[in-house]
Amino acid sequence: MAEAAVPLLSIRGLRKIYGQTVANDHIDLTIAAGEVHALLGENGAGKSTLVKILAGLTRPDGGTLHWRGEPVHLDSPKTARRLGIAVVLQHFALCPGLTVQENLRLAGLDRPDLQRFKTQAARYGLPVPLDSCVMHLSASERQRLELLRCLTQEAQLLVLDEPTAMLGPAESRTFMTLMRQLAAEGRAVVLITHKLQEVLEVADVATVLRRGRVVGRLTDLDAANARDLATMMVGDLPQLQPAPRTPPRQLPALTMHRLSTAAHRDHGVALQELSLTVRRGEILGIAGVAGNGQEELLAVLSGLQRTSPASLLLEDEPCGHLGVAARRTLGLAYVPSDRLGVGTVPSMTLAENVLLTASGMSQLGWVRHGRLAVRTREILAHFHLHQPPQTRLADLSGGMAQRFLVGREISAQPKVLLAAHPTWGVDVRCAQDIIAALLELRAKGCAVVVVSEDLDELFALADRLAVLYRGQLSPAWPMAEVDEHRLAQAMAGLAPTAGIAEHHALAAG
Amino acid sequence: MRWLRADTALLSGLAAMVLGALLTALAMKMLAIPAIETIQVFFVDPVADGFGRRQLLITAAPLFLCALGLSVAFRGGVQNIGADGQLMSGAICAGGLALAHPHMGVLLLPACVLAAAAGGMLWAAIAAALRIWCGASELLSSLFLVYVAQLILTALVSGPWREPGGYGMETGPLPDGAMLPVWGGLHAGVWLLAILGMLWWLLERHLVMFFRLRVLGEAPEAARYAGYRSDNLIWAAMLLSGALAGLAGYLQIAGPLGRLNPDLSSGYGFAAIVVVFAGQLGCLGMALTSLLVALLRLGAENAQIAMHLPQSVGLLFQGVFLVSFLLCQRWVPILLERMATMTTRRRTAHGA
Ligand SMILES: Nc1ncnc2c1ncn2[C@@H]1O[C@H](COP(=O)(O)OP(=O)(O)OP(=O)(O)O)[C@@H](O)[C@H]1O
Ligand SMILES: [Mg+2]
């Protein structure tokens with residue numbers, strides 16, 4: 001390794017302070033060309049802060065950066081881009097009102113770049129609709145878009161903040177191979193992830209952050225080290241005891257009956273005659289590759305989009321025609337896929353974000369601040385968030401915002417909970433907490449529908465699993481009957497669909 | 001540095017005043033008008049005595065009232081810039097009622113107040129309906145409705161409502177029962193408004209509707225997700241800001257003017273937009289800036305009489321102050337941020 005003498009990027013004593021929080025505390029980090037460098041750590045460890053500094057979005061409060069041995073000041077995103085640093089932020093910086101193509105232009109891609117973008121999208125099997133408004137893309141599609149944009153920029157250093165958090169298994173695998181390929185070409189990749197498996201698969205080096213400091217570095221990564229890594233990240237993990245699950249009750253909580261929607265004129269997928277019953281005390285997982293109707297399904301189930309009354313029942317109540325607010329009163333809660341800007345208002349405080357959906361927090365149009373503060377503290381305490389209720393939501397780290405959102409919806413004590421990838425971006429310990437909380441909800445008789453591309457998440461939670469493909473739903477298989485082969489087939493559209501699903505539902509009901 | 005962060009709004013306000021004063025001085029230099037005397041005439045003479053100070057409060061009152069309503073709408077992303085028309089519509093309704101039924105006794109005043117609010121709401125409702133049912137931008141329609149209101153007002157006071165045997169285009173005086181009672185040299189509207197101003201922060205903190213409007217303005221998708229009916233919220237914002245503007249119109253005719261004339265709005269509905277932005281949507285900020293704008297208006301009148309300066313000089317000063325406010329709002333927080341970063345850096349460097 002001749003280049004080892006002059007590393008691509010060397011970071012010395014980097015500091016960033018937000019009010020009382022030291023987000024980055026004297027971080028030293030060396031990134032050599034040709035390596036995949038995993039950056040790990042619990043939620044709030046300071047990973048995204050470091051990424052924002054490398055992107056030129058945030059100014060550090062101290063420390064130095066050397067690019068190929070030369071000192072540099074990353075004072076703007078342009079500077080970073082010119083040096084050859086391409087970044088995917090945890091919360092993507094996209095203009096929702098513009099099309100994909102326009103967004104790429106904004107990011108500095110010109111016409112030949114766009115062409116390359118298209119060929120790459122095709123080659124890696126990561127389709128992105130170029131002419132759709134970004135607004136209409138799901139979070140996972142946005143992730144694909146950002147990832148491809150980053151690859152197209154032909155950068156020397158790719159900094160990826162949880163790039164695989166919302167990709168399905170096949171996409172993730174493609175992406176892993178891709179990263180190795182990039183490293184082989186002599187580029188460097190900084191990869192942030194909470195999935196240890198990925199780290200073991202692709203990373204050459206792993207650096208662990210905790211409370212803003214570097215607490216560990218591992219160079220030879222193999223399965224034996226996985227536990228070490230986990231311990232370094234979040235401390236000792238209690239072994240998760242899978243609680244014995246009581247069988248679901250017989251009463252239906254949510255019934256879809258030949259639920260169909262028309263596709264939007266220029267985007268989206270039409271849902272075709274979905275029929276399925278979720279019983280009380282049951283968790284139904286819905287798997288599938290993003291863009292196969294997940295967003296549409298969630299919109300229809302949550303009431304953002306209305307249909308005919310009888311095609312959707314909450315317990316026995318026809319509710320297809322009801323809007324979001326009315327369904328909430330009937331006991332529906334919803335964790336949307338976009339946590340900033342949809343599920344929460346980033347510029348508002350945590351307490352105000354609880355007020356957004358919590359019921360019983362106002363009386364005669366007057367906010368009850370006392371109650372609100374109590375409820376907010378409960379949610380924060382339950383999910384180990386140590387911020388005061390007056391913190392702006394935008395000041396939380398990504399994983400913390402996710403915990404808050406899930407916690408808020410769980411605390412509504414719903415009869416039916418819809419959740420899009422509930423453990424997106426939370427660290428191992430907290431993922432356990434969220435899974436435990438969902439199981440507890442299940443034990444109380446709540447029906448939970450989890451829509452996710454992440455199979456691990458689905459396997460940890462679901463009682464039955466169905467696959468969504470091009471707006472059609474496979475039968476919901478009990479977990480005992482699910483195997484990878486079957487799933488892969490269904491996700492590629494090779495499984496029996498609608499008619500049989502209906503048959504199953506009728507048999508079950 | 002924490003105190004800096006907490007009072008950024010205050011600091012940027014102060015900075016704006018200083019910058020505004022400097023730019024005004026520069027403007028005076030360029031116009032070759034004597035600075036000291038102009039400052040005296042503009043900023044000191046109008047409030048030199050008790051009468052002047054009361055005048056200031058009376059001038060500021062309708063501005064502040066309009067601004068309160070507009071701040072609610074703007075927070076929700078509802079671009080109602082036609083407060084001037086809503087103000088005139090309120091004045092027309094209340095004035096028309098008072099002139100047509102002068103003998104209603106004690107009921108006349110409350111009836112007029114209701115009529116003024118209803119008039120303002122009616123005018124705002126047109127823009128709201130166009131927005132919600134036809135998708136027309138409320139920014140444009142509310143603005144155009146100002147001109148419609150102005151034409152109707154002018155037509156009324158120069159035609160059917162004109163005072164028989166009167167001098168100019170104006171109605172006869174409003175009946176005594178329709179006039180606001182005067183306490184301590186200030187009409188009741190000023191006192192009530194002072195109380196409203198003090199209660200306003202309570203309303204802002206506690207009213208669910210205000211909260212929902214803020215959500216709608218800051219993250220419309222989140223409002224949808226939470227199940228808020230954006231149509232209803234837009235209605236509420238338009239009607240509330242319209243009602244307050246209509247009441248401001250009533251303050252004018254039942255306070256300082258005592259009758260209707262074509263100039264009764266004096267552009268207060270537009271000046272209120274300036275007040276809202278310069279006051280950064282906050283209640284105290286808006287109160288202070290409406291006083292400042294009122295002072296500039298009185299000063300301009302004074303300067304016209306005492307120094308024969310054209311009214312446009314007053315407008316120029318107003319513009320200068322607005323620009324300084326907007327500049328400082330944008331740049332003072334950024335500069336403070338930079339300063340904070342630099343001090344931390346220096347401290348880190350020393351520590352190392
Ligand atoms: N703009 C901000 N203002 C105040 N505090 C902030 C801000 N941004 C981040 N923080 C705080 O800095 C700490 C580090 O946040 P950061 O986003 O870097 O965490 P992270 O390691 O990316 O976590 P996650 O895995 O949840 O994404 C957190 O405690 C967070 O609350
Ligand atoms: Mg992060």
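The values are calculated or read from the model by the stated rules, or taken from the named source; none is laboratory data. Just so it is clear, the structure is predicted and the values come from calculations on it, not from any experiment. A quick note on method: Cβ atoms are made from the backbone with ideal geometry, for glycine too, and the neighbour counts reach across all protein chains shown. Accessible surface areas use protein heavy atoms only, side chains included; no ligands, DNA or RNA. Shrake-Rupley method; radii C 1.70, N 1.55, O 1.52, S 1.80 Å.
Points worth noting:
- Subset of region B:6-49 [touching a residue at least 24 places away in the same chain (Cβ under 8 Å) and not in a helix (DSSP H, G or I)]: B:Ile33
- Residues (among the aliphatic types (A, V, I, L, M), open to solvent by less than 60 Å² (accessible area, probe 1.4 Å) and within 16 Å of ligand 2 (Cβ to nearest atom)) located in region A:87-120: A:Val87, A:Val88, A:Leu89
- Residues that are in a loop (DSSP other than H, G, I, E, B), more than 9 Å from ligand 1 (Cβ to nearest atom) and within 14 Å of chain B (Cβ to nearest Cβ) within region A:20-54 are absent altogether.
- Any hit, region A:301-318, residues being closer than 30 Å to A:Ala170 by Cβ and in contact with a Lys or Arg (Cβ under 6 Å, 6 or more places away or on another chain): no
- Against the conditions (1) of a type in the set (Val, Ile, Thr); (2) open to solvent by 50 Å² or more (accessible area, probe 1.4 Å); (3) within 11 Å of ligand 1 (Cβ to nearest atom), A:Thr391 satisfies every one except (2).
- Inside region A:129-181, residues that are in a loop (DSSP other than H, G, I, E, B) and within 16 Å of ligand 1 (Cβ to nearest atom) make up a count of 5.
- Residues that are among the charged types (D, E, K, R) and either closer than 15 Å to B:Ile126 by Cα or open to solvent by less than 10 Å² (accessible area, probe 1.4 Å) (or both) within region B:221-242 comprise just one, B:Asp231.
- Checked against the criterion of being under 26 Å from B:Leu56 (Cα atoms), of a type in the set (A, V, I, L, M, F, W, C), within 14 Å of chain A (Cβ to nearest Cβ) and over 16 Å from the mean Cα position of the chain (by Cα), the candidates B:Leu260, B:Leu199 yield just one match: B:Leu199.
- The requirement of being in contact with a Phe, Trp or Tyr (Cβ under 7 Å, 6 or more places away or on another chain), within 29 Å of A:Glu295 (Cβ to Cβ) and more than 11 Å from every other protein chain (Cβ to nearest Cβ) is not satisfied by A:Leu355.
- The lone exception for B:Gly77 - which of (1) open to solvent by less than 40 Å² (accessible area, probe 1.4 Å); (2) under 21 Å from B:Leu264 (Cβ atoms) it fails: (2)
- Among the residues examined, B:Leu335 qualifies as within 14 Å of another protein chain (Cβ to nearest Cβ) and either surrounded by fewer than 20 Cβ atoms within 10 Å (Cβ to Cβ) or part of a helix (DSSP H, G or I) (or both).
- For region B:151-177, the tally of residues that are in contact (Cβ under 8 Å) with a residue 60 or more places away in the chain and aromatic (Phe, Trp, Tyr) stands at 1.
- For region A:208-222, residues that are among the β-branched types (Val, Ile, Thr) and assigned to a loop (DSSP other than H, G, I, E, B) total 1.
- Filtered residue count, region B:98-157, keeping only those that are touching an Asp or Glu at 6+ places or on another chain (Cβ under 7 Å) and either open to solvent by less than 20 Å² (accessible area, probe 1.4 Å) or among the polar types (S, T, N, Q) (or both): 4
- Condition met for A:Leu350 (within 16 Å of ligand 2 (Cβ to nearest atom) and buried (at least 23 other Cβ atoms within 10 Å of the Cβ)): no
Let's see how each residue does on (1) of a type in the set (Gly, Ala, Ser); (2) in the same structural domain as A:Leu297 (by TED's automatic domain parsing); (3) within 25 Å of the chain's Cα centre (by Cα):
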{"position": "A:Val51", "(1), (2), (3)": "no, no, yes"}
{"position": "A:Gly84", "(1), (2), (3)": "yes, no, no"}
{"position": "A:Cys95", "(1), (2), (3)": "no, no, yes"}
{"position": "A:Asn103", "(1), (2), (3)": "no, no, yes"}
{"position": "A:Asp110", "(1), (2), (3)": "no, no, no"}
{"position": "A:Gln115", "(1), (2), (3)": "no, no, no"}
{"position": "A:Pro129", "(1), (2), (3)": "no, no, yes"}
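- Taking the numbered list (1) small (Gly, Ala, Ser); (2) open to solvent by less than 20 Å² (accessible area, probe 1.4 Å); (3) within 14 Å of chain B (Cβ to nearest Cβ) in turn, A:Gly84 passes all entries but (3).
- Just one of the listed residues (B:Tyr167, B:Tyr228) is within 14 Å of chain A (Cβ to nearest Cβ), part of a loop (DSSP other than H, G, I, E, B) and not β-branched (Val, Ile, Thr), namely B:Tyr228.
- So A:Phe383, is it within 14 Å of chain B (Cβ to nearest Cβ), in contact (Cβ under 8 Å) with a residue 40 or more places away in the chain, within 16 Å of ligand 1 (Cβ to nearest atom) and touching a Phe, Trp or Tyr at 6+ places or on another chain (Cβ under 9 Å): no
- When A:Glu162, A:Glu146 are screened for being of a type in the set (Asp, Glu), in contact (Cβ under 8 Å) with a residue 24 or more places away in the chain and on the phi > 0 side of the Ramachandran plot, only A:Glu162 passes.
Residue-wise test of (1) more than 23 Å from A:Val451 (Cβ to Cβ); (2) at pLDDT below 90; (3) within 11 Å of another protein chain (Cβ to nearest Cβ).
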| site | (1), (2), (3) |
| --- | --- |
| A:Glu282 | no, no, no |
| A:Gly285 | no, no, no |
| A:Gly303 | no, no, yes |
| A:Pro318 | no, no, no |
| A:Thr329 | no, no, yes |
| A:Arg339 | no, yes, yes |
| A:Thr344 | no, no, yes |
| A:Gln363 | yes, yes, yes |
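- Looking only at residues in region A:446-478 that are outside any loop (DSSP other than H, G, I, E, B) and small (Gly, Ala, Ser), the one that is surrounded by the most Cβ atoms within 10 Å (Cβ to Cβ) is A:Ala447.
- Among residues of region A:210-232 that are over 23 Å from A:Thr21 (Cα atoms), those with a beta-carbon under 8 Å from a residue that is of a type in the set (Val, Ile, Thr) and in a helix (DSSP H, G or I) at least six positions away or on a different chain give the pairs A:Leu221/A:Val199; A:Leu229/A:Val199; A:Ala230/A:Val428.
- Of the criteria (1) part of a helix (DSSP H, G or I); (2) among the hydrophobic types (A, V, I, L, M, F, W, C); (3) in contact (Cβ under 8 Å) with a residue 24 or more places away in the chain, which one B:Leu281 fails: (1)
This table checks each residue for (1) β-branched (Val, Ile, Thr); (2) more than 16 Å from ligand 1 (Cβ to nearest atom); (3) part of a helix (DSSP H, G or I).
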site	(1), (2), (3)
A:Val342	yes, yes, no
A:Leu372	no, yes, yes
A:Arg375	no, yes, yes
A:Met400	no, no, yes
A:Arg403	no, no, yes
A:Val406	yes, no, yes
A:Thr423	yes, no, no
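- A:Leu14 vs. criteria within 14 Å of chain B (Cβ to nearest Cβ), buried (at least 17 other Cβ atoms within 10 Å of the Cβ) and within 16 Å of ligand 1 (Cβ to nearest atom): yes
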